[in-house]
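A.B. asks: Submitted below is the structure of interest, expressed as structure tokens.
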Amino acid sequence: MPRRTKPAEVQTFVREHRQWIDAARASFAKLHPPEVFSLPVIVELPAIGRRFRVNYERQSSTKSVRYRSKNDLVVLSGRTSDEKLCVGALKRWLASLAKEEFRPRLDALSAATRNPFKTMHVRGQRTCWGSHASSGTISINYSLLFLDPALVRYLMIHELCHARHMNHSRRFWRLVGQFEPDCKRLDRALTEAWKQIPVWLGFS
């Protein structure tokens, strides 16, 4: 929905178009049946060109799940019979890895584009890939790890350009285009990229 849309307007739209919404959802479900949830044993992360194996070590004496990683192996230990706890541990691992991998890239692009930022946070937003607050904080979604490196680079340039224009005006897009001429195509691709996020992350 457009920014600044009032909740009452959304409710009215949904109420008036309920029949069409239900029909569209039913049609989509036939074409795209939901994937079966299963915890991963292999995690492919195209953004950084790495592939990880995931092992699960069950320990009945604990009520939590912890992760440890070395090289290309991630080990979850603890109450691994609880899928929710396992997903939580995997998300913490992804967030830590994204912070380690993305910060140097963001610093380099900030210097190259001369668009500053103050701090970088890594989050697991369900509705956006990134944001740039007026305070100078850039938030990056760790789910970007599952995307093509070109999309990650574009997202970072996009957010860095908000240091000069905190909007999506023509001036903003001209600035983005100076550093990424293919920005419009990449922006559309990024909008569609949520389908590349694995079901076990719980974003779909």
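Read-outs throughout are calculated quantities, based only on the coordinates presented, and are distinct from any laboratory measurement. Just so it is clear, the structure is predicted and the values come from calculations on it, not from any experiment. FYI the Cβ positions are ideal-geometry reconstructions off the backbone, even for glycines, and counts take in every protein chain you see.
A.B. asks: If one computes the Cα centroid of the range 135-185 and of the range 108-128, what distance in Å separates the two points?
C.D. replies: 9
A.B. asks: With a 10 Å cut-off between alpha carbons and a GNM built on the chain, which of Arg105, Arg53, Arg185 moves the most?
C.D. replies: Of Arg105, Arg53, Arg185, the Gaussian network model singles out Arg185 as fluctuating most.
A.B. asks: Please tell me which of these pairs span more than 22 angstrom C-alpha to C-alpha: Lys70/Lys91; Lys63/Lys91; Lys70/Lys99; Lys63/Lys84; Lys6/Lys184; Lys84/Lys118?
C.D. replies: On the way: Lys70/Lys91 16 Å; Lys63/Lys91 18 Å; Lys70/Lys99 16 Å; Lys63/Lys84 12 Å; Lys6/Lys184 28 Å; Lys84/Lys118 34 Å.
As for pairs spanning more than 22 Å Cα to Cα, those are Lys6/Lys184; Lys84/Lys118.
A.B. asks: Under 1.5 on a/c is rounded, so check that first for the chain, then, if it is not, pick prolate when a/b is larger than b/c and oblate when it is not; a ≥ b ≥ c are the square roots of the alpha carbon gyration tensor eigenvalues.
C.D. replies: Values: a/c = 2.02, a/b = 1.18, b/c = 1.71.
Oblate is the answer for the chain, as a/c is 1.5 or above yet b/c matches or exceeds a/b.
A.B. asks: About the Cα centre of the chain, how large is the charge dipole given +1 on each Lys and Arg Cβ and -1 on each Asp and Glu Cβ? Please answer in debye to the nearest 20.
C.D. replies: Working: 35 positive and 18 negative charges, 97 e Å.
The calculated dipole for the chain is roughly 460 debye.
A.B. asks: Among Leu201, Leu190, rank each residue by its count of other Cβ atoms within 10 Å, from fewest to most, as a rough exposure measure. The partial results should precede the final answer.
C.D. replies: On the way: Leu201 17, Leu190 21.
Ranked by crowding around the Cβ, least crowded first: Leu201, Leu190.
A.B. asks: Specify the residue with the greatest mean-square fluctuation among Ile21, Ile138, Ile157, computed from a Gaussian network of the chain linking alpha-carbon atoms under 10 Å apart.
C.D. replies: Ile21
A.B. asks: Considering only the chain, what is the antiparallel percent among its DSSP beta bridges, to the nearest 5? Let's see the in-between values first.
C.D. replies: Working: 13 of 24 bridges.
Around 55 percent antiparallel, to the nearest 5.
A.B. asks: Go through Val65, His162, Cys86 and say which Cα lies farthest out towards the positive end of the charge dipole of the chain; charges sit on Cβ, +1 for Lys and Arg, -1 for Asp and Glu.
C.D. replies: In the chain, that residue is His162.
A.B. asks: Arrange Glu180, Glu83 by Cβ neighbour counts within 10 Å, fewest through most, would you?
C.D. replies: Working: Glu180 20, Glu83 13.
Lowest count first: Glu83, Glu180.
A.B. asks: For the range 82-201, what does the alpha-carbon gyration tensor say about shape, rounded, prolate or oblate, given a ≥ b ≥ c as the root eigenvalues, a/c under 1.5 as rounded, and a/b over b/c as prolate?
C.D. replies: prolate
A.B. asks: So how strong a dipole does the range 82-201 carry about its Cα centre when Lys and Arg Cβ are +1 and Asp and Glu Cβ are -1, to the nearest 20 debye?
C.D. replies: Details: 19 positive and 11 negative charges, 87 e Å.
I would put it at about 420 debye.
A.B. asks: Using helices alone, what [θ] at 222 nm do you get for the chain, with -39,500 (n - 2.57) per DSSP H run of 4 or more residues, divided over all residues and rounded to the nearest 500?
C.D. replies: Numbers: 6 runs with 88 residues, N = 204.
For the chain, the value works out to -14000 deg cm²/dmol.
A.B. asks: Compute the relative contact order of the chain as a whole-number percentage, counting only Cα pairs closer than 8 Å that sit 6 or more residues apart in sequence. Don't skip to the end; give the middle numbers.
C.D. replies: Working: 242 pairs, mean separation 32.7, N = 204.
It rounds to 16 percent for the chain.
A.B. asks: How do Trp93, Trp173 rank when sorted from fewest to most other Cβ atoms within 10 Å of their own Cβ? List each step's numbers first, then the result.
C.D. replies: On the way: Trp93 21, Trp173 16.
The most exposed by this proxy come first: Trp173, Trp93.
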